[in-house]
1. Have a look at Ser62, Ser21, Ser56 and point out the one that is under 18 Å from Gly106 (Cβ atoms) and among the small types (Gly, Ala, Ser).
2. In the stretch 3-22, what residues are in a loop (DSSP other than H, G, I, E, B) and more than 19 Å from Ala74 (Cβ to Cβ)?
3. Residues Asn76, Asn83: which one is out of contact with any His (no Cβ under 9 Å at 6 or more places or on another chain), farther than 21 Å from Val111 by Cα and surrounded by 14 or more Cβ atoms within 10 Å (Cβ to Cβ)?
4. For the stretch 33-56, enumerate the residues that are touching a strand residue (DSSP E or B) at 6+ places or on another chain (Cβ under 7 Å) and either at positive phi or surrounded by 20 or more Cβ atoms within 10 Å (Cβ to Cβ) (or both).
5. Select from the stretch 1-26 the residues that are in contact with a Pro (Cβ under 7 Å, 6 or more places away or on another chain) and farther than 12 Å from Tyr93 by Cβ and list them in ascending order.
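Each value in this text was obtained by applying a stated rule to the coordinates, not by laboratory testing. Only a predicted model underlies this, so the values are computations on that prediction, with no experimental measurement involved. Positions of Cβ are backbone-derived with ideal geometry, glycine not excepted, and every protein chain shown enters the neighbour counts.
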Amino acid sequence: QVHLVESGGGLVQPGGSLRLSCVASTIRVNLNDMGWFRQAPGKQRELVARILIRGSTNYADSVKGRFTIFRDNAKNTVYLQMNNLKPEDTAAYYCNTVVPYGDYWGKGTPVPVSS
């Protein structure tokens, strides 16, 4: 069983910044591909950013240049730094990993972007 716990969400004004955290248990974040997804009300869940085992990253076009995914191996945590937030970034953000025995998600953290 893999447990992923997100934190760091909250109301932010347009143009503001937030840093989301995802703490993993029973797996090492540097030995698994880790991703951040988001789901806005009435929309499908979509990939925001991913960091692979070797450290390479990829991003959704809508967040390139504004969001950064990175990890702290000592804290076994994956982060999503979000800058210049826009109202269209409003969503619940979820941490994800896929391991040989399953596809695991955290419970999500809400990020409303509004003035």
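1. Details: Ser62 fails: under 18 Å from Gly106 (Cβ atoms); Ser56 fails: under 18 Å from Gly106 (Cβ atoms).
From the options Ser62, Ser21, Ser56, the qualifying one is Ser21.
2. Passing the criteria: Gly9, Gly10, Leu11, Gln13, Pro14, Gly15, Gly16, Ser17.
3. On the way: Asn83 fails: farther than 21 Å from Val111 by Cα.
Result of the check over Asn76, Asn83: Asn76.
4. Met34, Gly35, Trp36, Phe37, Arg38, Val48, Ala49, Ile51
5. Leu11, Pro14
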